[in-house]
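Structure record follows, encoded as structure tokens.
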Amino acid sequence: MQAKTSAAPLIERRSIDFIPENERHGRVFSQFTLWLAANLQITAVVTGALAVVLGGDIVWSIVGLLLGQIVGGAVMALHGAQGPRLGLPQMLACRAQFGVKGAVLPLALACVMYLGFNATGMVLSGQALGQLFRVSDATGSLLFALAVLLAAALGYRAIHRLGRAASLLGLLAFCYLFMRLLGRVDLLPLLAAHTRFDPAAFTVAVSLSASWQIAFAPYVSDYSRYLPSATPPARVALAIGLGSALGAQIAMSLGVLVAAIGGAAFRGHEVAYFVGLGADGVIAAALFFCVAFGKVTISTLNAYGGFMCAGSIASAFGARPEALGPRRRWLIVAAMVLVSLSIAVWAQHGFLPLFKSFLLLLLALFTPWSAVNLVDFYLLRGGKLDTTALEGADYRWPGLLAYLAGVLLQLPFIDSALFSGPMVRLLGGADVSWLVGWLGTAGLYWLAMRRGAAALAAAPGGGRMTG
């Protein structure tokens, strides 16, 4: 029976352990508001701006970003729909594909991802709070870090409440900025002058938004795991995918327009220029607050997800879930926030190039993980997972080898500041590594598991393959 929402404590008591049915609570609509809020934020604006900064035109950049939202958002939503079924953190559940200790590799990479995303959030939020309170950007980043620490340490229910408030504020702020932009700039001539189709730039736009969405996959079900297990998966997936894709497309489309209008003046002063287009005085202060408040939501998700991954790693080496209560959550979240803050202060300058490389690196590391996880859960297990699959084997080699093969498959197609593969030039500068990596990994893992199951069934005595 579903527990009443009011019965759930504001300070979460559980950590990485299974959520029993009598503690399940919440509504599917809260998934929509949470992921809408997570995407209606300044980093999504900067991501959309990158499509223009890296050579794209306005119209085709917006179309490419939308295509990436649809593809990446569908993948992300399928991960989110696992939450009510599993009642466990997303990355802990991937032990079924990688093994108890084998899962430590994607768990550790996820921790790095959360640290990186929080660092980028602190750069932009530091700019916003610095402008709002007339302090340095570094001081603004410190104030922001304290807010994230408080929200993440409270846990699941507080995060969803924060999402509801942030979604409303975000919609109001972005609608206001769109109206101000339409009032200040004649968009029709601007759009007419930016309709040249460049295949490479279009692919970059698709990759940017697809990577944005897929980067949520390792923790999206962490925020749906308290829903009753009987909640229809299709409703959960629709609420998550629609909220995430809609929020990201609104923010990224605005970013495309702002970057096209601002040009070089936008780079290095993203928040000040963005808000300055809309207003000054009291309204500007309100917009700076909305920018920072919107970033608190997604940064809280990152910090809380980092705690889940750190706890799962610790449990692989003997730590018990009950030892990871609220006090330990405070300590782990505080440590992760401190590391992100240090990175943010170091990376204040030259932010946009660093962020582009970071996004593409994330895509290369988590696209194969996503493929293994979704093929295993939906195609091989029929949307069900026996908890015994999370125990026993330290390493499940089909999943690990398919994952590593997927990373290698992407290398010839990657285009980043750190490495550019040989296929990039042949494709006119287009980066399609994420598509090659997902499809290739999915095919390899499916074949390996099907052949392994057939060989085991044909052996004397038959049996069930556990990986």
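Given Cβ point charges of +1 (Lys, Arg) and -1 (Asp, Glu) and nothing else, what value in debye, to the nearest 20, does the dipole of the chain about its Cα centre take?
Numbers: 31 positive and 18 negative charges, 195 e Å.
The calculated dipole for the chain is roughly 940 debye.
Given the -39500 (n - 2.57) contribution per DSSP H run of 4+ residues, what per-residue ellipticity at 222 nm results for the chain, rounded to the nearest 500 deg cm²/dmol? Show your work: numbers first, answer last.
Details: 19 runs with 321 residues, N = 467.
Taken over the chain, the calculation gives -23000 deg cm²/dmol.
Send over a whole-number figure in Å² for the accessible area per residue of segment 1-156, probe 1.4 Å. Intermediate results must be reported in sequence, preceding the final value.
Details: 5000 Å² over 156 residues.
Roughly 32 Å² per residue, with all protein chains present.
With charges set only on the Cβ (+1 for Lys and Arg, -1 for Asp and Glu), what does the dipole of segment 199-333 come to about its Cα centre, in debye to the nearest 20?
Working: 8 positive and 4 negative charges, 88 e Å.
Roughly 420 debye, rounded to the nearest 20.
For the chain, take the longest principal axis of its alpha carbons; what is the angle in degrees between that and the long axis of helix 104-133, to the nearest 10 within 0 to 90?
The answer is roughly 20 degrees.
Convert each backbone phi in segment 73-89 into a coupling constant with the Karplus relation 6.51 cos²θ - 1.76 cosθ + 1.60 (shift: θ = phi - 60°), then list the ³J(HN,Hα) values in order as whole Hz, x for Gly and Pro.
x, 5, 4, 4, 5, 5, 5, x, 5, 6, x, x, 5, 8, x, 9, x
If a/c stays under 1.5 just call it rounded; otherwise compare a/b with b/c (prolate if a/b is bigger, oblate if not). Do that for segment 82-222, with a ≥ b ≥ c from the square roots of the Cα gyration tensor eigenvalues.
Numbers: a/c = 2.04, a/b = 1.36, b/c = 1.50.
Oblate, because a/c is 1.5 or more while a/b does not exceed b/c.
Between Asn22 and Ile70, what is the spin-label point distance in nm, taking each point 7 Å from the Cα along the Cα→C-beta axis?
4.7 nm
Normalised by the residues of the chain, what does the relative contact order come to in percent, with Cα pairs under 8 Å and at least six apart? Each step should come with its number before you reach the end.
Values: 826 pairs, mean separation 142.3, N = 467.
So the answer I get is 30 percent.
Given the options Asn39, Ala108, Ser136, identify the residue whose Cα lies farthest towards the positive end of the charge dipole of segment 1-139 (+1 on Cβ of Lys, Arg; -1 on Cβ of Asp, Glu).
It is Ala108.
Just to confirm the number: angle between the C-alpha axis of helix 397-410 and the first principal axis of the chain, 0 to 90 degrees, nearest 10?
It is inclined by approximately 30 degrees.
Which angle between 0 and 90 degrees, to the nearest 10, do you get for helix 351-374 versus the longest principal axis of the chain when only C-alpha atoms count?
For 351-374 against the chain, the angle is about 30 degrees.
Placing +1 on the Cβ of each Lys and Arg and -1 on the Cβ of each Asp and Glu in the chain, which of Val407, Ala205, Val59 has its Cα farthest towards the positive end of the resulting dipole?
Val407
For segment 92-97, just list the computed ³J(HN,Hα) in residue order, Karplus coefficients 6.51, -1.76 and 1.60, θ = phi - 60°, integers in Hz, with x standing in for Gly and Pro.
Coupling constants for segment 92-97: 5, 5, 6, 4, 4, 9 Hz.
What does the C-alpha gyration tensor say about the overall shape of segment 180-238? Classify as rounded when a/c is under 1.5, otherwise prolate if a/b is larger than b/c, or oblate. Before the final figure, lay out the partial values.
On the way: a/c = 3.70, a/b = 2.14, b/c = 1.73.
The shape class here is prolate.
Please list 3J(HN,Hα) in residue order for segment 197-214, calculated via the Karplus relation 6.51 cos²θ - 1.76 cosθ + 1.60 where θ = phi - 60°; whole Hz, with x for glycine and proline.
Whole-Hz 3J(HN,Hα) from phi for segment 197-214: 8, 10, x, 5, 5, 4, 5, 4, 4, 4, 5, 4, 6, 5, 5, 4, 6, 5.
Between Leu187 and Leu380, what is 0.36 nm times their sequence separation minus the Cα-Cα distance? Round to one decimal in nm. Walk me through the numbers before you get to the answer.
Details: separation 193, 0.36 × 193 = 69.48 nm, distance 4.96 nm.
Net length gain for the segment: 64.5 nm.
The values are calculated or read from the model by the stated rules, or taken from the named source; none is laboratory data. Model, not experiment: these values are computed from the prediction. Neighbour counts run over all protein chains shown; Cβ positions are idealised from the backbone, glycine included. Only protein heavy atoms, including side chains, enter the accessible area calculation; ligands, DNA and RNA are left aside. Shrake-Rupley method; radii C 1.70, N 1.55, O 1.52, S 1.80 Å.
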